[in-house]
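Contents: one structure, followed by commentary.
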Ligand SMILES: C[S@@+](CC[C@H](N)C(=O)[O-])C[C@H]1O[C@@H](n2cnc3c(N)ncnc32)[C@H](O)[C@@H]1O
């Protein structure tokens, strides 16, 4: 797959702000299943350093509420100013179970490489995320996961690195979870094509976590990992 939009960003800026597999490329692919229109209000949940928030504002002309726990609103605001998007990207420091937004406030929500930290909980989607989206609005999530579902029996080659509590699951696992929700419909869960490339970009960065992930990815050898991309519509 060609990432013509992501390719327009300074690779050094992207590398310096990555927190996992290349989130811009992941979002560019996932956005192919969505319908963003200028002026829409979009929640970017677990935005980290806000690479995806910057991408959404610049590429689609939407207003983004860049929401994160580990990265402060002040740090993100400075980045948004430096990237010339501070008028359209609002930095918010919040916990995913205590989001400070009105119900039906957003036209869409995206969450890249963050939803597995909280969204694996059976009631998370219905209790915390879906109510914030307008009827007919879009929800898109990408999470690291597995090609097959292993439950507690993670294959030996990767079990030293990936624990069950990391909440890595298959496309089918996530699909079943969302299909139980009365608040969303038309759920589709698919393996994202960008998986290998997004991971390779992360491993090539100088982030200490990326450096320590290199050993895990060598053991994984392209056999188990997946990037699960889910989309659904708010009822
Ligand atoms: C691996 S980073 C990914 C960041 C960014 N989306 C990206 O792809 O580069 C995971 C992000 O999830 C956020 N996160 C994890 N648990 C959270 C929670 N309970 N509430 C809000 N954000 C959370 C963290 O703050 C962190 O920035």
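All of the numbers you see were taken from the coordinates with simple rules; none came from a lab. Bear in mind that the values here come from a model prediction, so they are computed numbers and not experimental data. Methodologically, a virtual Cβ is constructed for each residue, glycine included, from the backbone with ideal geometry; neighbour enumeration extends over all protein chains shown.
May I ask you to sort 128, 97, 169 by Cβ crowding, counting other Cβ atoms within 10 Å and putting the fewest first?
97, 128, 169
If neighbour count is taken as other Cβ atoms inside 10 Å, put 192, 56 in order from fewest to most.
Arranged by neighbour count, lowest to highest, 192, 56 become 192, 56.
Given only helices, namely DSSP H runs of n ≥ 4 each adding -39500 (n - 2.57), what is the per-residue ellipticity at 222 nm of the chain, to the nearest 500 deg cm²/dmol?
That comes out to -8000 deg cm²/dmol.
When N counts the residues of the stretch 66-189, how does its alpha-carbon radius of gyration compare numerically with 2.2 N^0.38 Å, as a ratio?
Ratio of Cα Rg to 2.2 N^0.38 Å: 1.19.
How much length, in nm to one decimal, is gained on full extension between residue 95 and residue 216, taken as 0.36 nm per residue of separation minus their Cα-Cα distance?
40.7 nm
If packing is taken as the average number of other Cβ atoms within 10 Å across a peptide's residues, how do 113-119, 89-95, 225-231, 152-158 rank, most packed first?
Going from most to least packed, we get 225-231, 113-119, 89-95, 152-158.
With each label point set 7 Å from Cα along the Cα-Cβ vector, what nm distance links residue 7 and residue 165?
4.3 nm
Any idea how far the Cα center of the stretch 66-130 sits from the one of the stretch 17-47, in Å?
The two parts, judged by their Cα centres, are 12 Å apart.
Under the 0.36 nm per residue contour assumption, what length would be gained going from the current alpha-carbon distance of residue 33 and residue 190 to full extension?
Stretched fully, the residue 33-residue 190 segment lengthens by 55.5 nm.
Give me the Å³ per residue figure for the convex hull around the C-alpha atoms of the chain.
Value for the chain: 113 Å³ per residue.
Contour minus end-to-end for residue 82 and residue 126, with contour as 0.36 nm per residue of separation and end-to-end as the Cα-Cα distance?
Residue separation times 0.36 nm, minus the Cα-Cα distance, leaves 12.2 nm.
How do 170, 53 line up, fewest other C-beta atoms within 10 Å first?
Ascending number of Cβ neighbours within 10 Å: 170, 53.
In whole angstrom, how long is each semi-axis of the equivalent ellipsoid of the stretch 123-186, when you take the square root of 5 times every eigenvalue of its Cα gyration tensor and sort them from largest down?
28, 11, 10
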